[in-house]
Amino acid sequence: MTGYFEIVLPIFILIGGAFVVYLLVRLFKLSNRTESMLTVLVLAGTLVVLVMHYLDVPDFIDRPEVFYGSAEPDGIIYRPNAVGAFILIIGVMIGILITLYSAEYLSRDPRYAVYYPLILLTLAGLLGMFTSNNLFNLFLLTELTTVTASALVAFRFREKISIRAGFKYLIMSSLGTMTMMLGIYFVYRSTGNMQLMGPLGVMDNFVRIGAACFLLGFSLKAGVVPLHTWVPDVYGHAPSAVSGLLAGVLSKSMLFIMPVVCLRLGISEVELGTYLMVFACFNMLVGSVRMLRQQQLRRFLSFSSIAQTGYLMFGLGMGFYYELDQALGVGLFLFLVIAVMKCLAFLAAGVYEYYTGSQDIERLRGVGKLMPLNALSLSIALAGLAGIPLLAGFNGKWLVFSAALLTADAFALACLGIFMLSSVISLGGYLPMIIKQYQESPQPTLEIEGFSQPDISKWMLLPVGLLSLLVVLIGIYPSPWINLVNQVMQWMVMSI
Amino acid sequence: MNPYQILLSGITILPVIGVIILLVWRKATKTQAAIIGIISESFALVIPIVLLTTLRKEGVILFSVPWIPNMQISFSLELSWLSITFLLTEVLATLAAMIYSLGDKDGEKNSNTYYALLLLFSLGMSGTTLADDVFLFYIFWELMLIASVLLILGWGHGENRFRVALKYFIITHLGSLMVLVCLITLYVNFGTASLTELVLHASSLPINMQVFLTAFFIIGFCVKMAIFPFHIWLPDAHTVAPMPVTIILAAAMLSMGTFGVLRFPFTLLAFESIQPFAIWMMIGGLISEVYGALMALAEQEIKRIVAYSSVSQMGYILFGLGTLTLRGMQGAVMHVVYHAIVKALLFMVVGIIIAVTRERDIRNVGGLGSKLPILTVCAAIGVLGISGMPPLGIFNSEWMIFAGGFDSGVSIVLTVMTLIGSLLTLVYGLRFFGMVFFGVQKPETLPEKSPRALLVPTIAVTVFLIIEGLVPGPLLEWATLGLTGIFGGLL
Amino acid sequence: MFDITRFALMLVFTVPFLMVILTLGSKRVSPRVTCLAGIGVVMVGLVLLGVGGEADLSTPFSFMAEPVTLSISNTAILLYLASLLVLAGLVWRNQEADQAGMTTYQWVLLNLSLSFGFIAFISGQFMIRYIALDIVGLLAALTVLSTFSATSGLRHFIIIFQILRLGDLSLLASILLINHLTGTLDIAEMIAAAVDLPANVRMWVFLGFFLAVLIKLAIWPFGIWLDRARKSAPRTSFWVSGLLVPALGYYLLYRIVPIINAAAIKQNLTLYSAFVLALLVILFTALEQIKFDRLTQVGGVMSCFLLAAIAVGSGQFLLFYLLGLILHRGLMLFADELSSPVLRWVRLSFPPLLNGIFLAANLRDFPVAFSISWVIFSLLLVGWDLGMQRKPVADVVLPSEKAGRLGDEPFGGFLVSVARWLNEKLEFGVFTHGLVRLSAFFHRIADWMYHNIEGGMEKLWVWIGRKLVALSEGTLRKVEVEAAQTTGSLLDDALNSLAIYEKNVLRKALRWDLAWIPFLLVVILIMLFVL
């Protein structure tokens, strides 16, 4: 094991941090808040390393000798990945916010001790997936995220439905990763090589079957229709903070690993683009239509998340199909804004759930009067998702339109039509949701139950407020963010 | 950057300051909030008037600061003769509505937010008329929509206001999306969002694409103009909205669609790409005119009658635009202004009728003529005005529109039908007037006295209508300058 | 420099407005006196204008970028003077008539109509004239409105205003059409240019003008507005509808004579047929009317003669014919006021006299057949008018009663039987009975026409109105309400089934979810290897 250690340093920090934090908490019986502070420290450390790493990208981007691990044919190699750094920086930032949020959110749960390490491990797995250069290693790290994430999903094990959700996630993801395992078999059978860099050797149909298996596995983890069925259950019943992380970062980041693997394994860019764009349409339609009649707030957000996955796939798909770098940039920008908005939406929904004990939309009618700030934040998130101007979502929409119209091709324009349709249909979901918060309910259930205006904890207000500000900021002044994304996009093009 | 350009930006910035004051000073009473609103809105009235002389000297005033440089998007405003006409109409309508709202019962709860939203609504419209950047245009365009939807949601009447607001938002948004497609097509094809630059290049696009863009633009803006069959949002939204909002919706917001048609397809694209749509616009205008009038004739709810008459009047405007002649379009622009005044007047009258009788069904109202003589005179002038009785304003614009119809040389029959169809306006206008003011008095005792605070702005608008009708010169000149600014010597 | 013409113009235009202010402001001065004074001043002004001579004046004003010009012609001044003369008489007579129905409001309308009528007569720019015509139409309609409580006046107002406005709109169409082709709004230039228009366009122009004239002159089938004005308006202010509007119509017709003269045979035929049809209908239907209204009926017939005279292409002495028509209308207005037998006979003899003089003056130009029919129709009119004067017609005597009287003769036998035979077959059978039969036959025709054509026209107008309302209500129900409800319920149904689906989905077994995995894998493989 030699090479540039700083490549794997963040992974080490995260995994090591997870154990250290857990041990400290167990040994000294630290409180939930303390543990969350410790986790924030770990994450902050990771963030610093990641940012430094990110700043170094221009130096190593075109140097194949920068790696960590053994350079032998079957050795495990970690390579720096610019896109991964970008995504992980967002992921870790959001991780910090949800950790802060959990400092209050989990305070009623005695089992907080394992919660934070699990988050750290999930992020470590994700980071590993981006940097790992070996298919088998990739599989292992995928399993790591799957297992930790399903543990997080089923965190409230006393609720039957949470268990069901966690179980569903575990089973489906495992099947997905098993398919990836099958893919590894096909690839290794033909080439005898599992490295993602360097010469691959024979390129026959078995390799392509392997690639198809990987495509399927990542699709499942990203929640591509028709493999989206776990999404509403999981996001709807996992702890809200976890839903934010999963929906905002984890599942969508799979779409960025997918091309790296698939293009390497013999799927052409056009094929990948076609796949992404076709299934993007399904995602957009299914997500926006099924969003309309949801009873549970977070289930509602999950379907909106399926639609957002579709938007992201549409942007990336155009990028591959037309070899349009700009569209890849659109994909990255969408990832950023969706992560921020989705996380905000889930966190705000979690605040409602935490204080009212319910995420039933009908029961939450008129809740805006009781928690005005939180209602404003959720409204900002939803309006942003709906693409209202001066919020982050609109800039994303504008970029998607620009990219699609730039291609001026019937396929892209047809998908754009679906995109427009979906965004109009989803308005029928977002707007009533925003309105209902402020609507005077005919049966003010919450008030009848003697529910009074709660003091929302600062631990929760801080991340929610920060994310709201960010949504508005990206909306009003997207320039720096677009510059950032364009930079990453160039690296992404270079590395693919 | 000279002081005039900075002054120009004040039209958009000063109302924002008003909004901030309103949002910060939560304890203001309704009157105080209204006064803040009126003061900040009147800046938007004074600044263009101050800029008139400069505009006359320079023809156009530009204000531009970079906003999102890597997307070639800037915060740029342009005051031209075309935009100043629409801008002043919109600001005056808003001011009238705000003054009217002082005596109105709506907006008593959360009056700060109410006036802040009214200001934002108006800001959206002034921004739409001024924006010189497609991105900025769309943002203002949506701001106008969102503010009005929020106003309907928060202060609307009736249980179904949520449904209505949703319908209004979604249908109008569909139109906006069509516009957005066109805007972005222009933007990506030339890599610039600035309209000043797009004007120079846009007509070099392939002609097929331009035809396509024109179709999308016109349909998209027709949704805003509430042309049949895209009018379905209008009657509900007008009925449910609080009265001042209805006034702004009907008097100002509808005409933004007209501005859009003039500003985008007509200004940017080649004349040849618009010509295929001329006859369809004329036919659409005719259908809308007749259809709206018929609906107004059949409708029983007072506000809806006046609301449907907007559908009819927008038909004239579309017809005028469709003639593609100077006179037709002058007529359309003038019709926008006159329609704004008359429609504001009629809605004010309707508001007073509703306030006095607490009835919305015209069958339950009657014989108010002897009780409310001043209102009767105002209503009579409004009804005569909308039916195109000279010398009240709408006659002038209808005359130009019909003349344009003949000038277009498309079909004499079509224009004659439109002309004779305008008789229908008289039919429903007189039905409305007769049912409300003649016959046995209903309800027998009026629950409320005639509110003076509502009557004063109504009389003021009536007087303004008569003056505007008698002195059409300046308006005609502005419309001419604005249109020749677009078409140059083409017409 | 003192310009007498401009002074007179100012006088005629502004004095009625001053009178309006005086009527409204002063309680002491009788509005009748004010109005009379106003009429006097206007007449003096008109005479001054006439003295100043015919001229085309430009004014410093412009409206909608079109210069406002005035064209002072003796024809217009004479026609207006004649109308004013009648009005002065009416107002004068109004003293004794206890000012029936003449409220301050009616006086104001009358005064206003003086001013706008003047503009409608002398404006040299068609748009301004149109505006004045429109306003006069509004004033005419307003005269029938008296109270807010009675809805019948309102109904009449609506019908009068709508029909007059229909005429104005068709006039507007013609004006705009000529304007489109010639680029001018100056009446003289427009008329001159319209002569040279292409035939199909000229047809449109002609039709527009023709409809406007028909409505203004209240010729069948557009006469129903005048009936209603007659019924509802006070006698004095009926002048606006009964005389001023027709006078404006006469003048309009007079101005467009060049267009008609230059026209193709089709247009003349239109005029002829309108003439004959309207004349017959009016004559016949009036037979059956219980309350005969001479002003509208005879006035309509005389307007038909005018149409015929113009159709045959004579412009000579037309002005005097027009003046005669206006005076005739005035006479009829007065005859209603006073029941003097002299006036009645003058009124009766006036139309044949006028027609006769006009025929004599134009005898050389008129075709023979036309002259003969002109005479026949004029005589028909006289007889008819006379008959109407004697109405109700005496009952027909039955044959059996007469027979009894004849059988009492002393010289019976053959003479008696011959006489009886003659009496029965000739006197009774042919003359008495035949005439009765003939008369009954005519009455039957008249009855049929009254109910089916004139009444039918009335019914048609009402039918159009009803249909319009029914159409709009039906469309509102079908398209606006029901369609919205249908789409709304469809949408609701869809959303409800979605909601049910969402509920069921929660209970769905995991295996169905898992089944999608191989399915998608197959799809991907097909995509990669087949497509």
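Read-outs throughout are calculated quantities, based only on the coordinates presented, and are distinct from any laboratory measurement. None of the values given here were measured: they were computed from a predicted structure. Because the Cβ atoms are built from the backbone with ideal geometry, glycine has one as well, and the counts that use them run over all protein chains shown.
Each of C:Asp56, C:Asp134 was scored by other Cβ atoms within 10 Å of its Cβ. Listed from fewest to most, they are C:Asp56, C:Asp134. For the peptide A:428-439, the mean number of other protein chain Cβ atoms found within 10 angstrom of a residue's Cβ is 3.
Under 18 Å from a label point set 7 Å out along the Cα-to-Cβ vector of A:Phe136, the amide N atoms of the range A:2-16 belong to A:2.
Using C-alpha pairs below 8 Å separated by at least 6 residues, the relative contact order for the range B:104-174 is 29 percent. Among B:Leu446, B:Ser408, B:Ile374, pick out the residue whose Cα is farthest towards the positive end of the charge dipole of the range B:308-465, where Lys and Arg carry +1 and Asp and Glu carry -1 on C-beta, about the Cα centre. Towards the positive end, the residue furthest out is B:Leu446. Among the residues of C:509-518, the average count of other protein chain beta-carbon atoms within 10 Å of the residue beta-carbon is 5. By the rule of a C-alpha distance below 16 Å, with chain neighbours fewer than 8 residues away ignored, the aspartates and glutamates paired with C:Lys508 are A:Asp233.
Straight-line cross-link reach from A:Lys397 at under 21 Å between alpha-carbon atoms covers these lysines, not counting any fewer than eight positions away in the same chain: A:Lys252, A:Lys342. Of the chymotrypsin sites (Phe, Trp or Tyr not before Pro) found in the range B:23-83, those that fall in a DSSP loop while having at most 16 other beta-carbon atoms within 10 Å are B:Trp25. Spin-label model, C:Leu514 to A:Lys29: label points 7 Å out along the Cα-to-beta-carbon direction sit 4.4 nm apart. Ordering A:Ile98, A:Pro239, A:Asn483 by Cα displacement along the dipole of chain A toward the positive end leaves A:Pro239 in first place; charges were set at the Cβ atoms of Lys, Arg (+1) and Asp, Glu (-1). Other protein chain C-beta atoms within 10 Å of residue C-beta, averaged over C:161-171: 4. The distance between label points at C:Leu207 and B:Ile374 comes to 4.9 nm (points 7 Å beyond Cα on the Cα→Cβ vector). Any idea what log10 I(q)/I(0) is at q = 0.08, 0.12, 0.14 Å⁻¹ for chain B, Debye with uniform C-alpha scatterers and no solvent? The computed values of log10 I(q)/I(0) come out as -0.44, -1.02, -1.42. Put a plus charge on the Cβ of each Lys and Arg, a minus charge on the Cβ of each Asp and Glu, and nothing anywhere else: the dipole of chain A about its Cα centre is then about 1260 debye.
Mean residue ellipticity, 222 nm, helices only, chain B: the sum of -39500 (n - 2.57) across DSSP H runs of n ≥ 4, divided by residue count and rounded to 500, is -25000 deg cm²/dmol. The packing ranking of peptides B:267-278, C:140-151, highest mean first, is C:140-151, B:267-278, where packing means the average number of other beta carbon atoms within 10 angstrom of each residue. For helix A:325-356, what angle does its Cα long axis make with the longest principal axis of chain A, in degrees from 0 to 90 and rounded to 10? Its long axis makes an angle of about 30 degrees.
Taking other C-beta atoms within 10 angstrom as a stand-in for reagent exposure, A:Met284, A:Met197 fall in the order A:Met197, A:Met284, fewest first.
Of the trypsin sites (Lys or Arg not before Pro) found in the range B:398-491, the ones in coil according to DSSP and having at most 12 other Cβ atoms within 10 Å of their Cβ are B:Lys449. Here chain B is treated with +1 on each Lys and Arg Cβ and -1 on each Asp and Glu Cβ, and its dipole about the Cα centre works out to around 1080 debye.
Please work out the C-alpha center-to-center distance from the range B:448-490 to the range C:52-73 and express it in whole Å. Rounded to whole Å, the Cα centres lie 26 Å apart. Under 17 Å from a label point set 7 Å out along the Cα-to-Cβ vector of C:Leu495, the amide N atoms of the range B:162-177 belong to B:162-174.
Shown is the FRET efficiency for C:Phe17 and C:Phe317, computed with R0 = 30 Å from the Cβ-Cβ distance and rounded to the nearest 0.05: 0.25.
Rounded to the nearest 10 degrees, the angle from helix A:9-28 to the longest Cα principal axis of chain A is 40 degrees.
Only Lys, Arg, Asp and Glu carry charge here, each on its Cβ (+1 for the first two, -1 for the last two); on that basis the protein assembly as shown has a dipole of about 3060 debye about its Cα centre.
Among A:Ser304, C:Ser83, the ranking by other beta carbons within 10 Å of each residue's beta carbon, starting with the fewest, stands as C:Ser83, A:Ser304.
Normalised by 2.2 N^0.38 Å, where N is the number of residues, the C-alpha radius of gyration of the protein assembly as shown stands at 1.18. In terms of distances greater than 20 angstrom between alpha carbons, the cross-link table entries A:Lys369/A:Lys436; B:Lys167/B:Lys343; C:Lys231/C:Lys459; B:Lys30/B:Lys109; A:Lys369/B:Lys105; A:Lys29/A:Lys160 yield B:Lys167/B:Lys343; A:Lys369/B:Lys105; A:Lys29/A:Lys160. In terms of its C-alpha gyration tensor, the range B:1-102 has an oblate overall shape, because the principal axis ratio a/c (a ≥ b ≥ c, square roots of the eigenvalues) is not below 1.5 and a/b does not outweigh b/c.
Spin-label model, C:Asp196 to C:Leu531: label points 7 Å out along the Cα-to-beta-carbon direction sit 7.0 nm apart.
One decimal place: the segment B:Ser411-B:Ala460 gains 13.6 nm when fully extended, by the rule 0.36 nm per residue minus the C-alpha distance.
In 5 Å bins starting at 0, how do the alpha-carbon pair distances of the range B:273-491 split up by percent? Histogramming the range B:273-491 at 5 Å steps yields 1, 8, 15, 18, 17, 14, 10, 7, 5, 3, 1, 0, 0 percent. Compute the label zone of B:Glu159 within the range B:225-242: residues whose backbone N is under 18 Å from the point 7 Å along Cα-to-Cβ. It comes to B:240-241, nothing else.
Note on A:Val493/C:Asp3: beta-carbon distance plugged into 1/(1 + (r/R0)^6) with R0 of 60 Å gives a FRET efficiency of 0.10. Here's the list of lysines a cross-link from C:Lys27 could span, going by alpha-carbon distance under 24 Å and ignoring same-chain residues fewer than 8 apart: B:Lys371.
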